[in-house]
Amino acid sequence: MKNLKTLLVALLVANFAFAQKSNKLITSKITGLWTLVSVENTQADGMKTFPYGTNPKGSLFFDEKGNYAIQIYKNERAKIISGDKNKCTPEENAAIVQGSNSHFGKFEIDELNKTITFKIQTASFPNWEETIQKRFYTYTDNELKYVVTNTTQGGKSVTAEVVWKKL
């Protein structure tokens, strides 16, 4: 019985050490600057849309200390007629809000479960501030894909696949 307990403790320690090493490896691979490839929303009925257009602009930055920042924009955005963001029309304000998404905070990678956890400190969508969001990801050939299950455009009834390419 004592040998079994010793073996179990050794396996737990080895598993923890492997997970830590694995997490450091994937974290080192994703650290740096990424450019946005696509954001594709899927409605509950299966209908797909591109909320930021088919050629969105964006950047994602991860650093080695666990900080991140994301900016997403529609590629084509109309200029503000007045030239003053404080004097936008209601339609211009709506276009600005609906055509962008940004947030920053801390992140953690769980390589074993293939999740990125975003600890959002500040966001352009205030409902996301001070939330923790776990997203399943894949990483292949300098391409990072993750799934957002509680989107800014539809909440839990819409999922979004976000694709980034490492610069």
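The values are calculated or read from the model by the stated rules, or taken from the named source; none is laboratory data. The shown structure was predicted, so the numbers you read here are calculated from the model rather than taken from an experiment. Just the protein is used for accessible areas: all its heavy atoms, side chains included, with ligands, DNA and RNA removed. Shrake-Rupley method; radii C 1.70, N 1.55, O 1.52, S 1.80 Å.
For region 91-134, what does the accessible surface come to per residue with a 1.4 Å probe? Please give it in Å². Each step should come with its number before you reach the end.
On the way: 2500 Å² over 44 residues.
For region 91-134, the solvent-accessible area averages 57 Å² per residue.
Hey, got the Cα dimensions of region 28-125 along the principal axes, in Å, largest first?
Cα spread of region 28-125 along its principal axes, largest to smallest: 49, 35, 20 Å.
For region 107-167, take the alpha-carbon Rg, divide it by the Kirkwood Rh, and send me Rg/Rh.
Radius of gyration over Kirkwood radius for region 107-167 works out to 0.98.
I'd like the Karplus ³J(HN,Hα) series for region 87-94: coefficients 6.51, -1.76, 1.60, θ = phi - 60°, whole numbers in Hz, and an x wherever there's a Gly or Pro.
Residue by residue, region 87-94 yields 10, 6, 6, x, 5, 5, 4, 4 Hz.
Between GLU111 and residues 5 or more places away or on another chain, which pairs have amide H atoms under 5 Å apart, with H built 1.01 Å from N, and which residues are they?
Here ASN23 satisfy the definition.
How much length would be gained if the chain were fully extended between PHE125 and CYS88, taking 0.36 nm per residue of separation minus their Cα-Cα distance, in nm to one decimal?
Details: separation 37, 0.36 × 37 = 13.32 nm, distance 1.87 nm.
Working it through step by step, the gained length comes to 11.5 nm.
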